[in-house]
Amino acid sequence: MSKILIRGAKVLGGEPQDVLIDGETIAEVGTGLDAEGAEVVEADGKVLLPGLVDLHTHLREPGREDSETVLTGTRAAASGGYTAVFAMANTFPVADTAGVVEQVWRLGREHGYCDVRPVGAVTVGLEGRKLAELGAMHESAAGVTVFSDDGKCVDDAVIMRRALEYVKAFGGVVAQHAQEPRLTEGAQMNEGVVSAELGLGGWPAVAEESVIARDVLLADHVGSRVHICHLSTAGSVEIVRWAKSRGIRVTAEVTPHHLLLTDELVRTYNPVYKVNPPLRTERDVHALREALADGTIDIVATDHAPHPHEDKDCEWAAAAMGMVGLETALSVVQETMVDTGLLDWAGVADRMSFQPARIGQATGHGRPVSAGEPANLTLVDTAYRGQVDPAGFASRSRNTPYEGRELPGRVTHTWLRGKATLVDGKLT
Amino acid sequence: MDTHAKTHASDARPVLEGPDIARVLTRIAHEIVERAKGADDVVLLGIPTRGVFLAQRLAAKLEQITEREVLCGSLDITMYRDDLRLQPPRALARTEIPGDGIDGRLVVLVDDVLFSGRTIRAALDALNDIGRPRAVQLAVLVDRGHRELPIRADYVGKNLPTSLRETVKVLVTEEDGRDTVLLGAKPAAPGERQP
Amino acid sequence: MQRHLISAADLSRDDAVLILDTAEEMARVADRPIKKLPTLRGRTVVNLFFEDSTRTRISFEAAEKRLSADVINFTAKGSSVSKGESLKDTAQTLEAMGVDAVVIRHGASGAPYRLANSGWIDAAVINAGDGTHQHPTQALLDAFTMRRRLVGRDAGLGQDLSGRRVTVVGDVLHSRVARSNVDLLHTLGAEVTLVAPPTLLPVGVESWPCEVSYDLDVTLPKSDAVMMLRVQRERMNAAFFPTEREYSRRYGLDSDRMARMPEHALVMHPGPMVRGMEITAQVADSERCTAVEQVTNGVSIRMAVLYLLLGGNETALTARTTEEK
């Protein structure tokens, strides 16, 4: 197998080192490594991270191939520096059987840009009434470990309790989309000063927080662990912080857009800013950044949600919710966390690779950059600054809220088990 | 009418001063009484802005001469202009029809300057929507020529031969603090519309 | 430059006064034998109504016709047009027919803003009510009615509503009329108090330039005008208030309450009125209720807005907000 020598890379942001890849694994990390017989990649002071892991991606296949497919989605992931993504279950048909999850898993393997770990639905058809065959999905070739009705909340307390209990048998985790449905009927944006002015249905913070509070207490009661998807409010942070201090096994994610954008943007009525959970206030953004820095929030997950142009080129109320995120996530995290001094690159590796791999049990991902580990790596030009141009996206969809915005950082190389998926910013 | 054209006070010279204007208006008042045979059915309608003040002065003089009340009002022609599309919308001025309307009466339109005739055309259109006068006449303080429509004044204060490069500006005490008629050179603005 | 009228909040004080003054002149046209002006001859205005509103549409149509515009009525209610995509398609279709202005009523808040700012069309956009967002011509006609009654028809020219106290009562949460009125009345110098049960006030109302009260009886004696908003009976089913009877008792305007208002104070209603709910028939039919006058004034205000936006080669209204793109 081929050898690759990455020369002069700041591993996790540290002093420049050389990293030698031999076949699928990292052979050696050190200085002045011998390049004999190896293809040399001059890192030139770029930052080398373990391949990023996204616990929350919508690949849309099967069912909505007009917005994304496993192929285009995993290419977008490789572009963004990811080597593993967890594909959410809200496809058509819903990923609530072993058959569907295996299909998605297999497509990911065939395309080879990024490992695809399917997330199984908690309930049949995401309807919140009847548990899906969680065990069968776990035992399938896809080996599902994360279960979520994402897009919908498992709002029935009994169903949620049973799911939390049931997955203990095989060490699974339930990822909750925390949204009290009655409190968010007709909700269009964060409820507050801006919604009052714009006359858009309010989406109160409490609709998220009350479900998180209930679920951490449930997890505690049944001795299970629970993962909170896309936490978006300062109040949610407080609840998770409290739960963790009590030793409750809760993990939480935040999306890049909730670290950067606020509901003030909705004043444009441009549906590119319409997302679930909604963009919140400046105060929430700061609480989320702090929580990610201090570890209250464990990981960054993209909630990459592709939509075709026509689903956003309309009035706000009619538009679909969601934003693409795989190809801009690292840049937004650099902008909001690294360049602000809240997190160093080792911290980024932790929040975007180590921890998500641990929570999702993505074997072979989120490993240290050291000899003997799988060569899942991402090389980032952190000195770069440039405007986001959706035309260059590998994703099939363009619904990014960052079009034209200047952001730092650019992923130049991604290696999946030693095989380059991205070279000099170009997909292989 | 080109009251909106910019006239540089410095290079504009007066062609009528306060006393001339008063004299001219008195003469016009007498002509109206003569032509209208007593002026008992006359309604004076001034065209805003300065035509209104001139109409009021004429009415006062007519009342002096005839010792009867003379009806006087205003007729805003803004929304009847044919050059609306050529500039931003103007603020509207008041149309005030005195008494019980103009039907069967002799309407004398009063304006400061008669130029292309387009203002008067608009005024005739506006009158048409208000009622049916017995006859319509026109009194102007200055006729500067260059008609673009078949319109002429019945009463003219002063005929003032001008070139198109010149501007005529009427100032009245009520609006401008003094009575005078200024003749000046038009600043050569590139692409400026001909009046 | 403000080419569109999307929100009452976009109007400066001078713009608003200019519109009211212009409407005052337009109103005089209604007293003439020929209630028509040639001003918008050759201009085409489409009334694009995605929501049923016969009153507003007829008012705009009367205004457009009095100014001699060519009028196209497009009512899209109930058809497949309620889907977002179609707003764009419909608007583009109409523009392809050479429309100069679009008067739009839409159930989705922000639809007129999108239409004006998304590069879909070039025509001027006039908001005739969007969702629970704005209804700027309603606010203008309300202000016009207040200025006439409280300041005077001629004395009001050039004047705003400085120091006048206006109370807006009812379902503020779901009311574009309330939002538009708070914005415009504030711009015109009036002091606004919103009175409603707490359930019918939006979270975030505390940032609005007005006072908020839950007690109508305390507010009435200090009001120069009391504006009653329509309260839809179906709100009851969503637990916004217990019963119609309780709502009327606490927030309805009856003769007893009206007697507590100052002698000169007006009772206003944007219509359609729900008699017996927010207003008793006796109050609605009283001399002090301006509901019918408001309808008349609506035509004058809409004529003024159409003239100022479309009458010349560019708009007469100044820009306060930056348009997107």
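The values are calculated or read from the model by the stated rules, or taken from the named source; none is laboratory data. Values in this document were obtained by computation on a predicted structure and should not be read as measured data. Here the Cβ positions follow ideal geometry from the backbone for every residue, glycine too, while neighbour counts run over all protein chains shown.
Structure data summary
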read-out: Flag for A:Y273 being of a type outside the set (A, V, I, L, M, F, W, C), within 14 Å of chain C (Cβ to nearest Cβ), within 22 Å of the chain's Cα centre (by Cα) and within 30 Å of C:R179 (Cβ to Cβ); value: yes
read-out: Segment C:112-133, residues that are touching a helix residue (DSSP H, G or I) at 6+ places or on another chain (Cβ under 6 Å) and facing chain A (nearest Cβ under 7 Å); value: C:T132, C:H133
read-out: Pairs where the first residue, in segment C:216-245, is of a type in the set (G, A, S) and the second is part of a strand (DSSP E or B), C-beta under 6 Å, 6+ apart; value: C:S223/C:R165; C:S223/C:T167; C:A225/C:V166; C:A225/C:L266; C:A225/C:M268
read-out: Residues of segment C:230-263 classified as assigned to a loop (DSSP other than H, G, I, E, B) and within 23 Å of the chain's Cα centre (by Cα), total; value: 4
read-out: Scan of segment C:4-23 for residues that are hydroxyl-bearing (S, T, Y) and either farther than 11 Å from C:D183 by Cβ or away from every other protein chain (no Cβ under 11 Å) (or both), ordered by number; value: C:S12, C:T22
read-out: Candidate set: segment A:200-214, residues that are buried (at least 21 other Cβ atoms within 10 Å of the Cβ) and out of contact with any helix residue (DSSP H, G or I) (no Cβ under 6 Å at 6 or more places or on another chain); chosen: the one nearest to the other protein chains (Cβ to nearest Cβ); value: A:L200
read-out: Among (1) assigned to a helix (DSSP H, G or I); (2) surrounded by 24 or more Cβ atoms within 10 Å (Cβ to Cβ), the one test that C:R149 misses; value: (2)
read-out: Unique residue being in a strand (DSSP E or B), within 23 Å of A:A142 (Cβ to Cβ) and β-branched (V, I, T) when the list is A:T83, A:T74, A:T91; value: A:T83
read-out: Conditions (1) of a type outside the set (D, E); (2) touching a residue at least 12 places away in the same chain (Cβ under 8 Å); (3) at negative phi; (4) out of contact with any helix residue (DSSP H, G or I) (no Cβ under 8 Å at 6 or more places or on another chain): number failed by A:V158; value: (2)
read-out: Selection status of B:R85, buried (at least 17 other Cβ atoms within 10 Å of the Cβ), of a type in the set (K, R), within 14 Å of chain C (Cβ to nearest Cβ) and under 27 Å from C:L310 (Cβ atoms); value: no
read-out: Of the criteria (1) modelled with pLDDT under 90; (2) within 11 Å of chain A (Cβ to nearest Cβ), which one C:S109 fails; value: (1)
read-out: Every residue from segment C:49-65 that is more than 23 Å from C:A178 (Cα to Cα) and either in contact with a Leu (Cβ under 7 Å, 6 or more places away or on another chain) or in a loop (DSSP other than H, G, I, E, B) (or both); value: C:A63, C:E64
read-out: Subset of segment A:198-211 that is touching a residue at least 40 places away in the same chain (Cβ under 8 Å) and not small (G, A, S) - its residue that is farthest from A:E264 (Cα to Cα); value: A:V211
read-out: First in segment A:123-148 and at negative phi, second anywhere and assigned to a strand (DSSP E or B) and surrounded by fewer than 22 Cβ atoms within 10 Å (Cβ to Cβ), Cβ under 8 Å, 6 or more apart; value: A:T123/A:L131; A:V124/A:L131
read-out: Subset of segment B:35-70 [within 17 Å of B:G101 (Cα to Cα) and surrounded by fewer than 18 Cβ atoms within 10 Å (Cβ to Cβ)]; value: B:D40, B:D41, B:E69
read-out: Segment C:235-265, residues that are surrounded by fewer than 21 Cβ atoms within 10 Å (Cβ to Cβ) and under 27 Å from C:L161 (Cβ atoms); value: C:D254, C:S255, C:R257, C:M258, C:A259, C:R260, C:P262, C:E263, C:H264
read-out: Selection within segment C:163-194 - hydroxyl-bearing (S, T, Y) and within 21 Å of B:A91 (Cβ to Cβ); value: C:T187
read-out: Some residue of segment C:252-269 being charged (D, E, K, R) and in the same structural domain as C:V17 (by TED's automatic domain parsing); value: no
read-out: Count of residues meeting criterion [in contact (Cβ under 8 Å) with a residue 60 or more places away in the chain, surrounded by fewer than 20 Cβ atoms within 10 Å (Cβ to Cβ) and in a loop (DSSP other than H, G, I, E, B)] in segment C:1-42; value: 4
read-out: Qualifying residue in segment C:63-80 (condition: small (G, A, S), within 14 Å of chain A (Cβ to nearest Cβ), in contact (Cβ under 8 Å) with a residue 12 or more places away in the chain and within 18 Å of C:L308 (Cβ to Cβ)); value: no
read-out: Odd one out for A:E253, checked against (1) closer than 21 Å to A:Y402 by Cα; (2) more than 14 Å from chain C (Cβ to nearest Cβ); (3) in a loop (DSSP other than H, G, I, E, B); value: (3)
read-out: C:D256 among the acidic types (D, E) and in contact (Cβ under 8 Å) with a residue 60 or more places away in the chain; value: no
read-out: A:E61 under 30 Å from A:F92 (Cα atoms), surrounded by fewer than 20 Cβ atoms within 10 Å (Cβ to Cβ) and not small (G, A, S); value: no
